[in-house]
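The values are calculated or read from the model by the stated rules, or taken from the named source; none is laboratory data. It should be emphasised that the depicted structure is a prediction, and the values quoted were computed from it without experimental measurement. No Cβ is skipped: glycine too gets one built from the backbone with ideal geometry, and neighbour counts run over all protein chains shown. Please note that ligands, DNA and RNA were not included when accessible areas were found on the heavy atoms of the full protein model with its side chains. Shrake-Rupley method; radii C 1.70, N 1.55, O 1.52, S 1.80 Å.
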Amino acid sequence: MKTYQHLFFDLDHTLWDYDRNVQESLSELFLHYKLEKLGILSSQSFIDSFYAVNFKLWNAYDKGEMHKEELRTTRFPRIFEHAGVMDAVIPEDFEGDFMHRTSSKPHLFPHTIEILDYLKPKYKLYVITNGFDESQSKKMNSSGLSDYFELVVTSETTGHKKPDPKIFQYAMEQAGASKENSLMIGDSPVSDIQGAHGAGIDQVFFNPLGKTIHLKPTYTISHLKELEAIL
């Protein structure tokens, strides 16, 4: 078995439970701002509209078709419109409230702390994420992840987004790692697996939902504790 020294993790959907944290925040916002008075039927319908819009915006951002500020300023107007609220007066700084609440949520995937405790004495650990600097930092602090990682590399810092090999190369340079002794762990078939493959790095595909993937990863796991069998 190959000997690794440097482990690079994705953050959202791999360690930090994006869906649970986001849905909890949206449910709180629905109640706090009394969105039913604007005609949104339920917190679930609001959540459904969020997912319908947010994925498309992030896809555009990842492709370089949209800048950060445009994503931030257009997201909730489009979500409210999708939810059937036309010409709604969106509560002031709704986006800021959402970002603060969500980034402050602590929920992680099962076995996250357990596996990091196992790995920390044996390997150098890092994060590579396409998320924004300030929100990713808050997420890691609020969930107790910060002390485990030597370095957090964001697309905002580097100017390159996964799956661009340049962000992986930058991370390896900063870590003093080589592609031969590095391993990428993430949930995205494109950003994490294809991206790491393109940079010559072995990959662990974290696949709790049983997604289909066209590129065969080096390893596949359905829960994080399975990393013990690889590492």
note = Averaged per residue, the 1.4 Å probe accessible area of the chain, protein heavy atoms only, in Å², is roughly 48 Å²
query = For segment 60-217, which whole percent of the accessible surface, found with a 1.4 angstrom probe, sits on carbon and sulfur atoms?
reply = 50 percent
task = Name the residues whose placed amide hydrogens come within less than 5 Å of the amide hydrogen of L151, ignoring near sequence neighbours (fewer than 5 apart) on the same chain.
result = V127
ask   = Under 12 Å from the Cα of K56, which aspartates and glutamates turn up, not counting those fewer than eight places away in the same chain?
value = E65
task = Starting from the Cα of L31, move 7 Å in the Cα-to-Cβ direction to define the label point; list residues of segment 86-124 whose amide nitrogen is under 17 Å from there.
result = 98, 101-102, 105-106
inquiry  = Pick from F30, F46, F206 the residue whose mean-square fluctuation is largest in a GNM of the chain, springs joining Cα atoms under 10 Å.
reply    = F30
task = Treating only the Cβ atoms of Lys and Arg (+1) and Asp and Glu (-1) as charged, compute the dipole magnitude of the chain about its Cα centre; round to the nearest 20 debye.
result = 460 debye
task = Output the pairs from K34/K211; K34/K138; K63/K120; K63/K138 with a Cα-Cα distance over 31 Å in this structure; if there are none, say none.
result = K34/K211; K63/K120
ask   = For Y118 and T157 in the same chain, what is the full-extension length gain: residue separation times 0.36 nm, less their Cα-Cα distance, in nm?
value = 11.1 nm
message = Could you work out [θ]222 nm for the chain from helices alone, using -39500 (n - 2.57) per DSSP H run of at least four and dividing by all its residues? Round to the nearest 500 deg cm²/dmol.
response = -13000 deg cm²/dmol
key: Set of aspartates and glutamates with alpha-carbon distance to K162 below 14 Å, sequence-local pairs under 8 removed   = D10, D12, D62, D187, D192
query = Just going by the charge dipole of segment 56-97, with Lys and Arg at +1 and Asp and Glu at -1 on Cβ, which of G64, I79, I90 is farthest out on the positive end?
reply = G64
key: Percent RCO, i.e. relative contact order, over the chain, from Cα pairs under 8 Å lying at least 6 residues apart   = 23 percent
inquiry  = Suppose the chain between S42 and N54 were pulled fully straight at 0.36 nm per residue; how much longer would it get relative to their current alpha carbon spacing?
reply    = 2.5 nm
